[in-house]
Amino acid sequence: MENKIILSAKNIIVKFKVRNRVLTAIRNVSLDLYEKETLAIVGESGSGKSVFTKTFTGMLETNGEVTNGEIIFEGKNLLENKKDKDWEKIRGKKIATVFQDPMTSLNPVKTIGSQISEVIIKHQGKSKEEAKELAIELMEKVGIQNAAVRFNEYPFMYSGGMRQRIVIAITLACKPEILICDEPTTALDVTIQAQIIDLIKNLQKEYGFTTIYITHDLGVVANVADKVAVMYAGQIIEQGTVEEVFYNPKHPYTWGLLSSLPQLGEKGKKLYAISGTPPSLFEEIKGDAFAPRNPYAMQIDYEEEPPMFKVSETHYAKTWLLDERAPFVEPPVEIRQLHERLSKMPSVKGETNE
Amino acid sequence: MRAVVSLFIVVSIAIVMVFLLIPRDRIFENDQSISKLSGKKDLLAAYKLGKLKDLGYLDYKAQKEICEINQASKDCFSAGSSEINELIKIYEKDGYTINKTEDGFYYVVKDYKTSRLILNFYSNLIKIDHTGVIKDPNNLELERKVYFAKDHNGMLSIKCSGCENQYLLYFNGSFPFIHQNFIKLNFGISYPTYIGLNTFSVISNKQGELKNKEITFETGTTAKSAINLHSCTYKMTEAIDDLDKAKFVNNYAKCTSNYTDPSMIEVSYIMGILSLVFSYLISIPLGVVMAKERGKLIDKIGIIYVNLMIAVPSLAFIFFVRNIGSLFKLPDKFSQLGFTDVRSYIMPVIILTLLSTSSLIIWVRRYMVDQTNSDYVKFAKAKGLSEKEIFNTHILKNAIIPIVNGIPSSIILSIGGAVITETIFAIPGMGKMLPDSIKAVNNNMVITLTFIFTALSVFSLVLGDVLMALIDPRIKLDNKGGSR
Ligand SMILES: Nc1ncnc2c1ncn2[C@@H]1O[C@H](COP(=O)(O)OP(=O)(O)OP(=O)(O)O)[C@@H](O)[C@H]1O
Ligand SMILES: [Mg+2]
């Protein structure tokens, strides 16, 4: 895939003020996002997935601040946007976000129609009637039947899946360049999840936007993503194409993550789980943040932070194991067999994955 | 339905407390007539028993009445006659205590049981006026009909002949412009203050001085008079005098007068509504700004203000603010300038307003903070809407629902505040009437006010729910779903 870089985040550091303490949620993260690709961001809860992507739209809570770095989009550094006015031209119009909970993302006392129309009116300067027409079209596109009637209904008259479809319709209303889906299906039941994921995939083909997909579900990653970034304690510790990260993972944390896939569970065997807890982000982290939980940790892991080692043109990992001086460590057996095991499981390996 | 039940319970408790727990003799403490009767034991007893009967405590019958009811012969009326002895036995069996005056006349007394007290209250509560109400032995040809007619102002009205009231429905220029006399609430009579008047009339009748103006009566006579022609009720033929005959063409000659000042209810009402409006006008913007500027100076000042308001007893606060008012030459008693001067209202309204701001401000602030952290606001922001747009089209729409729902309880609060404020400023309103009538042991008045306050609270809660159902789309459907 030879595509242009559409968004480039460099050396992002995000800090939150929590009472009188400072929490560093994102610790010097860089990422290049390529046009039309789907990037999945995975990692355990609190690793900074949401915070990192929120910096692209200036949506950090008021106690948070990007203290370092730049985000280049359309030739400009987004972090130079100081006022909300500037961000409003990006949000929804260029970079749209779908949040986790469709039950609460919509305003309960406004009609579905008005909530779609308002973005069209705002960003495209259309009249109310034109906006309504476009909105109904969009509703049909995301699979709402009888859209003209349902236009005037309220969110509570919609099921969770339907609401998420509406949320997606809203985000697509202005044909954004980038769509950030922050756990868009976590709150939905499994069959609906699959429908929503398919919907996003199909819409992406049609509209050609770039997708960032935050999820805990590695099955979904295998299904929808081209690239994967694995986050741990406020850093991207490994990134690459789905093939590379799934079948040739380099970071011990990725190994742990992959072997804890519920789909890999075998009868009678305990599911693998990474022991220990992530480090506190209030204190400065010395060395590799994952070291205390890493069964393969070396002396250096506790002393110095590893750099991003290049595995291939697209594959990078942040672990001392890749240093030429490090002893050779074989990934656990589950990981080595992952390819074989996953291919036996059609539910995980998606049907349209090229 | 729940509303009616809770009203019933509260008022019943009030009745039981007032009638059973307050020593009966206390109600006579403020009655001047008592001192005139001192020494005349029988007359005093008869007077007190008569009053207690009027107030609904007990049933009391003197010998004369017993004989009349039973249509006994002349003999019965004399002391110790065999006929009265026979009749007395019936009453004795019925649970009455039998007493004798010094002259040997009987009288019987029976206390009402609690259940009967409550029953009596409710069975007399609603009085419906109809054409059969008047029974005048001296006017047997009295026509009995309800008819439309123009009143003295030329307005269409519904009049009645044979009813207690001459006008059943009429319009005029005073609030609420349409008035009816079909149904009246009857809480009994007021005693020992405002003796003889219906308690409800005491608080709903206008106050102040007589308002005279040129009136042309139905007979054609014109005179300067304060008579309120809409208020006329039936006067028994035996009581009609020449003066009445000069003015009225029929028996509806018992009228009340027009007064210059609003009634107690109106006074409390005016102040309550005014302060409610002001308190919303202040609290909502302030709460919103505080939420927006969370942690900043204005927020901190606001929080200090709210905490102060909560911590300082309202009594102390009222006196404090009243003194500030005095510095600006505003009256510290209502009567100093009276009803017609705007300055009389300024301080009480300010105080009532401020008293209700604290809880409202803190509520609005918390609500706004919740809303700005809510998912739908975040999503609206992610859509690229500006803060102003989000506030105007999203948050406001949500906020109206709880605000509307909360207005009724604010009304209740302002009534609670009014009791103290009206007392301190000596404002002749309902709020002041409550402590006044408790002090004067005006039991029926206490019950009346309890009823009105409770009814108002209950009604406003119901109203809040109804309003909410009207504006909240979610509830609308729920109802439809329920009836399906
Ligand atoms: N407004 C905030 N104030 C303080 N700390 C915050 C704030 N937002 C996020 N954090 C912290 O930043 C870290 C990263 O949070 P983030 O929400 O990005 O995690 P995540 O990877 O999205 O987790 P999840 O999978 O649970 O959504 C967490 O430790 C979190 O506690
Ligand atoms: Mg998250």
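The values are calculated or read from the model by the stated rules, or taken from the named source; none is laboratory data. All values derive from a computational prediction rather than experimental measurement. Backbone-built Cβ (ideal geometry, glycine too); neighbour counts: all protein chains shown.
Things to note:
- All conditions but one from (1) buried (at least 16 other Cβ atoms within 10 Å of the Cβ); (2) in contact (Cβ under 8 Å) with a residue 40 or more places away in the chain; (3) more than 25 Å from B:Gly431 (Cα to Cα); (4) not polar (S, T, N, Q) apply to B:Ile227; the one that does not is (2).
- A:Leu39 within 16 Å of ligand 2 (Cβ to nearest atom), at pLDDT 95 or above and surrounded by 14 or more Cβ atoms within 10 Å (Cβ to Cβ): yes
- Among (1) of a type in the set (Gly, Ala, Ser); (2) at negative phi; (3) within 12 Å of ligand 1 (Cβ to nearest atom), the one test that A:Gly43 misses: (2)
- Condition check for A:Val109: away from every other protein chain (no Cβ under 11 Å) and more than 16 Å from ligand 2 (Cβ to nearest atom): no
- Verdict on A:Lys82 being part of a strand (DSSP E or B), of a type in the set (D, E, K, R), exposed (fewer than 15 other Cβ atoms within 10 Å of the Cβ) and over 20 Å from the mean Cα position of the chain (by Cα): no
- Within region B:265-317, tally of residues that are of a type in the set (D, E, K, R) and within 28 Å of the chain's Cα centre (by Cα): 1
- The criterion of at least 1 residues that are modelled with pLDDT of 85 or more, under 19 Å from B:Ile15 (Cβ atoms) and aromatic (Phe, Trp, Tyr) is met, among helices (runs of 4 or more DSSP H) falling completely within region B:426-484, by B:443-471.
- Filter result (of a type outside the set (Asp, Glu), in a loop (DSSP other than H, G, I, E, B) and either away from ligand 1 (no atom under 16 Å from the Cβ) or surrounded by 22 or more Cβ atoms within 10 Å (Cβ to Cβ) (or both)) within region A:159-187: A:Ser159, A:Ala173, A:Cys174, A:Lys175, A:Pro176, A:Pro184, A:Thr185
- Of the residues making up region B:354-365, those that are within 29 Å of A:Gly92 (Cα to Cα) and without any contact (Cβ under 8 Å) to a residue 60 or more places away in the chain number 0.
- None of B:Thr393, B:Thr454, B:Thr448 is hydroxyl-bearing (Ser, Thr, Tyr) and either in contact with a strand residue (DSSP E or B) (Cβ under 6 Å, 6 or more places away or on another chain) or closer than 30 Å to A:Ser117 by Cβ (or both) except B:Thr393.
- Subset of region A:13-30 that is away from ligand 2 (no atom under 16 Å from the Cβ) and either within 14 Å of chain B (Cβ to nearest Cβ) or of a type in the set (Val, Ile, Thr) (or both) - its residue that is surrounded by the most Cβ atoms within 10 Å (Cβ to Cβ): A:Thr24
- Members of region B:9-28 found to be without any contact (Cβ under 8 Å) to a residue 24 or more places away in the chain and in a helix (DSSP H, G or I), listed by number: B:Ile9, B:Ile13, B:Met17, B:Leu21, B:Asp25
- Taken over region A:119-142, the residue count meeting the criterion of being at the interface with chain B (Cβ under 7 Å from one of its Cβ atoms) and either within 16 Å of ligand 2 (Cβ to nearest atom) or touching a helix residue (DSSP H, G or I) at 6+ places or on another chain (Cβ under 8 Å) (or both) is 2.
- Exactly one residue among A:Phe156, A:Phe99 is surrounded by 19 or more Cβ atoms within 10 Å (Cβ to Cβ), within 11 Å of chain B (Cβ to nearest Cβ) and among the hydrophobic types (A, V, I, L, M, F, W, C), and that residue is A:Phe99.
- Looking across region B:354-379 at every residue that is at the interface with another protein chain (Cβ under 7 Å from one of its Cβ atoms) and crowded, with 22+ Cβ neighbours inside 10 Å, the one that is nearest to A:Ile120 (Cα to Cα) is identified as B:Phe379.
- Residue pairs meeting the criteria (Cβ under 9 Å; at least 6 apart or on separate chains; first without any contact (Cβ under 8 Å) to a residue 24 or more places away in the chain, in region B:96-116; second of a type in the set (A, V, I, L, M) and exposed (fewer than 14 other Cβ atoms within 10 Å of the Cβ)): B:Lys100/B:Ala79
- Selection of region A:211-230 for residues being of a type in the set (Gly, Ala, Ser) and within 16 Å of ligand 2 (Cβ to nearest atom) yields only A:Ala229.
- A:Thr97 vs. criteria closer than 25 Å to A:Asp189 by Cβ and within 13 Å of ligand 1 (Cβ to nearest atom): yes
- Counting the residues of region A:80-96 that are within 7 Å of chain B (Cβ to nearest Cβ) and under 15 Å from A:Glu65 (Cα atoms) gives 1.
- Contact map, region A:218-233: residues that are polar (S, T, N, Q) paired with residues that are within 14 Å of ligand 1 (Cβ to nearest atom) and not in a helix (DSSP H, G or I), Cβ distance under 7 Å, separation 6+ or inter-chain. No pairs are found.
- Count - residues of region B:86-100 that are surrounded by 15 or more Cβ atoms within 10 Å (Cβ to Cβ) and touching a Phe, Trp or Tyr at 6+ places or on another chain (Cβ under 7 Å): 2
- Lone unmet requirement of (1) away from chain B (no Cβ under 14 Å); (2) in contact with an Asp or Glu (Cβ under 9 Å, 6 or more places away or on another chain); (3) among the aliphatic types (A, V, I, L, M); (4) away from ligand 1 (no atom under 16 Å from the Cβ) for A:Leu33: (2)
- Residues satisfying the stated conditions in region A:194-219, i.e. within 14 Å of A:Val98 (Cβ to Cβ) and within 16 Å of ligand 1 (Cβ to nearest atom): A:Ile212, A:Tyr213, A:Ile214, A:Thr215
- Any chance A:Thr53 is in a helix (DSSP H, G or I), crowded, with 20+ Cβ neighbours inside 10 Å, within 16 Å of ligand 2 (Cβ to nearest atom) and of a type in the set (Val, Ile, Thr): yes
- Neighbours by Cβ (under 7 Å, 6+ apart or cross-chain): first from region A:51-79, away from chain B (no Cβ under 13 Å) and farther than 15 Å from A:Thr24 by Cα; second among the hydroxyl-bearing types (Ser, Thr, Tyr) and within 14 Å of ligand 1 (Cβ to nearest atom): A:Ile71/A:Thr55
- Conditions (1) touching a residue at least 60 places away in the same chain (Cβ under 8 Å); (2) within 16 Å of ligand 2 (Cβ to nearest atom); number of the one not met by A:Gly208: (2)
Okay, residues lined up against (1) surrounded by 12 or more Cβ atoms within 10 Å (Cβ to Cβ); (2) assigned to a strand (DSSP E or B); (3) at pLDDT 90 or above:
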residue: A:Asn223; (1), (2), (3): yes, no, no
residue: A:Ala229; (1), (2), (3): yes, yes, yes
residue: A:Leu258; (1), (2), (3): yes, no, no
residue: A:Gln263; (1), (2), (3): yes, no, no
residue: A:Gly276; (1), (2), (3): no, no, no
residue: A:Pro295; (1), (2), (3): no, no, no
residue: A:Pro307; (1), (2), (3): yes, no, yes
